[in-house]
Structure formats: structure tokens, C-alpha cells
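Structure record follows, encoded as C-alpha cells.
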Amino acid sequence: MEKPLSRTRRTPAALAAVMALALLAGACSSSDSTSTSDTSAAVATTAAPEPFQILVTNDDGVGAPGIDAVVNGLRTIPNVEVTVVAPATNQSGSGSKTTDGPLTVTDATTASGYPAKSVTGFPADSIIWAIDQGGIDFTPDLVVSGINSGQNTGAATDLSGTVGAARAAVQRGIPALASSQGFPQESGVYDWPVGVQEVLGWVSANRDQLQTTTVASLNIPTCNGQGTVKAVTVLPVSTELVLNAQDCLSALTNPATDVIGFQNGFVTLAAVSPTPAPTTTVAG
């Protein structure tokens, strides 16, 4: 069985300060209650706050550019520790599928070399291994899934492995953000810097008020120089399955759904149920 990933809760400098103060307290007379009290107060104020733990996964595979971009971005946030557990290969379109039994997990890295665990299975399996099977020995404060290559709006939401992994986290009482970058226009490229900027903005705005009743699904257009993305707008998930290109030059100001908003250049934010909608069979 893989050795669980663990995280240090105090920095070396903080631990050194605590040890030094503890030695000082031991040298003081037991009858000097004032000195003991002062020392205890100093120890309490010197201890560093525990880091904000973010578990990052995706459905494009551990070596994909989107997960590498967001990992490097999240690492710039002060007092944040990032752990990566992601599928070994591309699992796009796998939704909330899972694998029965023990999972095969190996050491890996992201594209730029950040340490990771590679899970042979679906995106939701990454959460199962990390949480249910003891792959990590701490409970994340937040799961970030993505950044996915391609939008996950409308009816595509339930098909998304990016959303599937985030759903698995919320089902276990862990807040989760599913993040997706729109398909580039024609010969363009994914605008990862804009995607990372939006993810970091969401984390900054929400880290002190996270909830576990729904998945936050963030979709960021790729404008490729044809205009710029519009402000984050909270919208309901459409029932349509539409993957048209984004028009970042659109003059639309009041989109009705996530599909319409995204198509017109808005960064869309939707609250997604922790469980996929039931499949409806039409007789005919």
C-alpha cells in the first residue's frame, strides 16, 4: 500500500521558536508564576497558523498543462500547501465513475516537475484513494479540480470528470471547486494565465466561507486576443449541450444561463448538485 502523503503543520522557524521558549520556561523557577505565565503566552503567540491545505486533481491526467498551471498558481498564495493526486491518463467525459476495490497509485510529477500521485482510474477515484483509502493523512480544506481543457457548461456538466472529482469531494464533506478553461478559437491556445487568475480570485474570495452543499463550477472563456473575459457571473446550469466558441466581444449584458453567459464571454460560476441528475430514458 502506498505510504500516505503527509503535510507539516508548522514551519521550521516556528518550531524552533517554540522549542527555545520551552527551554527558557524550564530554566525558570517553578515558584515564579508570572514568568511562567508570560512564557506560555509567548509560546501561544509565536506558533504559526496552520497552512491552508488544497488537494488538486483533474480529469485530463496528471501531466496535463491545466493542472500544472493551477498548481503553480496556488503555490503563490501565502500559507497554502498544495497536494496533487490525479488520474494517470486522460479521463475526460468519465463523469462520476469509480473503480471497485484497491487502486494502483504511483509517484509522478506535473508537467513542470511538482510532486504528485498518479492514480490508475477515474477522477473520482483520486478522491477515493486520498480520503477513503488513506492516501493522505490529513483532511484538505479545499479540493480544486482542473483546470480542465475545455468548458463544462450546461448538459456537459454531468459528463465532466472534472466535476465528478469535485462531487466526490463534496460528498465527503470537503469543499470543492471545478475549474474549466474554454476551448481555444480555431488555431488559438488555451489562456491558462487567465484561468489561473480566476481560480486564485475565487479561492481568495471564498477561503474563509467555504461550504459543502454544492460544487462550485467555474468556467473561464479563452478569448485569444479577441476581447477580454467579462466579470464572474453566477448563473444556473442550462439543460442544453452546446460547445460553441466564445464571443468575448459580445455586447450581451444579462445572460440567462451558464451556456449563454459563457458563449458571450462571461466567466460563469454555477452551484452544482453533489450528485448527477438521473438519466432519463425516452421510450420510442
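Here, each number is a calculation from the coordinates, and none is a lab measurement. In this text the structure is predicted, and so the values were computed from the model without any measurement. A quick note on method: Cβ atoms are made from the backbone with ideal geometry, for glycine too, and the neighbour counts reach across all protein chains shown.
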Under 5 Å, built H, 5+ apart or other chain: amide partners of Lys230: Phe266, Val267
Order these peptides, 249-256, 215-222, 160-167, 93-100, by their mean beta-carbon neighbour count within 10 angstrom, highest first. 160-167, 215-222, 93-100, 249-256
Counting residues in segment 139-227 as N, plug N into 2.2 N^0.38 Å and put the Cα Rg over that result. 1.10
Rg to Rh quotient for segment 52-272, alpha carbon positions, Kirkwood Rh: 0.95
Taking placed amide H atoms and a strict 5 Å upper bound, the residues 5 or more places from Ala178 or on another chain that come that close are Ser145, Ala216, Ser217, Leu218
Evaluate the distance, in nm, between pseudo-label points positioned 7 Å from the Cα of Asp107 and of Leu249 along their respective Cα→Cβ axes. 5.1 nm
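Percent relative contact order of segment 196-284, based on C-alpha pairs within less than 8 angstrom and at least six residues apart?
35 percent
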So if each residue of separation counts as 0.36 nm, and I subtract the Cα-Cα distance between Asn72 and Phe138, what length gain in nm does that give? 21.6 nm
Kirkwood hydrodynamic radius for segment 71-193: how many Å is it when counted over pairs of different Cα atoms? 15.0 Å
Alpha-carbon Debye profile of segment 44-117, log10 I(q)/I(0) at 0.19 Å⁻¹: -0.81
Positive minus negative residues near Gly93 (Lys, Arg vs Asp, Glu; Cβ under 14 Å): -2
For segment 89-95, 3J(HN,Hα) per residue [Karplus equation, 6.51 cos²θ - 1.76 cosθ + 1.60, θ = phi - 60°, Hz, x = Gly/Pro]: 9, 4, 10, 4, x, 8, x
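Quickly rank 52-61, 204-213, 115-124, 182-191 as a protection proxy: mean count of other C-beta atoms within 10 Å, highest first. Don't skip to the end; give the middle numbers.
Details: 52-61: 25.6, 204-213: 11.0, 115-124: 22.9, 182-191: 15.8.
For the peptides 52-61, 204-213, 115-124, 182-191, the packing ranking is 52-61, 115-124, 182-191, 204-213.
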³J(HN,Hα) computed for each position of segment 148-156 - Karplus, 6.51 cos²θ - 1.76 cosθ + 1.60, integer Hz, glycine/proline x: 6, 7, x, 6, 10, 10, x, 5, 5
So, with points 7 Å from each Cα along the Cβ direction, the Val80-Val234 label distance in nm works out to 2.1 nm
How long is the gain from Gln209 to Lys97 if the chain were fully straight, where each residue apart is worth 0.36 nm and the alpha carbon distance is subtracted? 37.4 nm
Give me, ordered by chain and number, the residues 5 or more places off Val56 or on other chains with an amide H under 5 Å from its own placed amide H. Thr83, Val84, Val85, Val144
